[in-house]
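Right, one structure below, let's go through it.
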Amino acid sequence: MKFLKALSLILVFVFVLSLCGCKVPDKTYGVTSEGQTANGESLAQTTSVPEITSLDSKMSKYFDISVFDEENYADIYLGKKFEINAVYANSYFSVPSTIEEIAKSGWKLVKGSDYDDNSLVYAKETVELVFENEKGAKITALFYNSSNSSIRLINCEIVKFSINNGYFKNKKKYSQFNICGITNTAVITDIINILGTPSHFYKKTDNTYYFDYFLEKRDRRNKIRIHIDLEDDAITAIEFSNYD
């Protein structure tokens, strides 16, 4: 009798243990046949980490590179209403512009140029020319003839200006600029604090990059481009363009 009583107690204990014991988790619980959870999320969304496709180890120190794609582009824009305010060597520059407009501030084609005011610019052609003021400051202007016929240089629009910068090494040789708050002495963190995360960044060498700040998605020619040197933590050149 005692034996049967003890055996029955053991059987009851085993039965209860089987009900409470650990089981292998059912990973399909709450998942529909279409691969969605009960609340509508995909199974991949609930188990995977967002993929970062821009793996540049240096730029990740300055801004969140997870917003960029494999070509280092992000859906970040200054906005079409953003105005490019540019002052260089005490002269104000706007884009688009003309040779007549910059001449009013004392800028002339450098001596020995292959072009003059009456030179022809062919249809859809671009021409890059260097201008100089009386103090020796230089700026490069890109002319673009958007029409379907040739026009004189004096009637052609300047759509981009480029300024080289070595001010951080030789203050006497380089004139000061201020492009939307970006100055000759700005370091990389200054650029990002003022203009934010760039729309695009491109690595030229191990220590040289450029940042693009696009005005809009429709025409990526319209932008501010800033060339930087990581070793010196300095701007080596700056460009601003608008083809509209």
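The values are calculated or read from the model by the stated rules, or taken from the named source; none is laboratory data. Quantities reported herein were computed from a predicted structural model and do not represent experimental measurements. Quick reminder, even Gly has a Cβ in these numbers, built from the backbone with ideal geometry, and neighbours come from all protein chains shown. Each accessible area value is taken on the protein alone, full model and side chains, heavy atoms only, with ligands, DNA and RNA left out. Shrake-Rupley method; radii C 1.70, N 1.55, O 1.52, S 1.80 Å.
Points to keep in mind about this one:
- Checked against the criterion of being without any contact (Cβ under 8 Å) to a residue 40 or more places away in the chain, part of a loop (DSSP other than H, G, I, E, B) and either over 15 Å from the mean Cα position of the chain (by Cα) or more than 25 Å from LYS169 (Cβ to Cβ) (or both), the stretch 189-203 contains not a single residue that satisfies it.
- Flag if LYS135 is closer than 30 Å to VAL121 by Cα and either open to solvent by 10 Å² or more (accessible area, probe 1.4 Å) or of a type in the set (Ser, Thr, Tyr) (or both): yes
- Meets criteria (among the hydrophobic types (A, V, I, L, M, F, W, C), over 16 Å from ALA237 (Cβ atoms) and in contact (Cβ under 8 Å) with a residue 60 or more places away in the chain) for VAL87: yes
- The set of residues from the stretch 204-244 being of a type outside the set (D, E, K, R) and in a loop (DSSP other than H, G, I, E, B) comprises THR205, ASN207, LEU215, ASN222, LEU230, ASN242, TYR243.
- In the condition set (1) surrounded by 15 or more Cβ atoms within 10 Å (Cβ to Cβ); (2) at positive phi, ILE158 is compliant with all but (2).
- Residue match in the stretch 181-195 (condition: surrounded by fewer than 19 Cβ atoms within 10 Å (Cβ to Cβ), touching a Gly at 6+ places or on another chain (Cβ under 6 Å) and not polar (S, T, N, Q)): yes
- Residues in the stretch 121-162 that are out of contact with any Cys (no Cβ under 9 Å at 6 or more places or on another chain), closer than 27 Å to THR236 by Cβ and of a type outside the set (Asp, Glu): 18 in all.
- Which listed residue, of ALA123, ALA141, is modelled with pLDDT of 95 or more, outside any strand (DSSP E or B) and of a type outside the set (Ser, Thr, Tyr): ALA123
- Residue in the stretch 109-132 that is under 22 Å from PHE211 (Cβ atoms), in contact (Cβ under 8 Å) with a residue 12 or more places away in the chain, surrounded by 14 or more Cβ atoms within 10 Å (Cβ to Cβ) and touching a strand residue (DSSP E or B) at 6+ places or on another chain (Cβ under 6 Å) present: no
- Of all the listed residues (PHE68, PHE63, PHE93), the sole one being open to solvent by less than 40 Å² (accessible area, probe 1.4 Å) and at pLDDT 95 or above is PHE93.
- The set of residues in the stretch 138-186 that are farther than 18 Å from SER97 by Cβ and aliphatic (A, V, I, L, M) comprises ILE182, ALA186.
- Every test in (1) modelled with pLDDT of 95 or more; (2) out of contact with any Pro (no Cβ under 8 Å at 6 or more places or on another chain); (3) not charged (D, E, K, R) is passed by ASN242 save one, and that test is (2).
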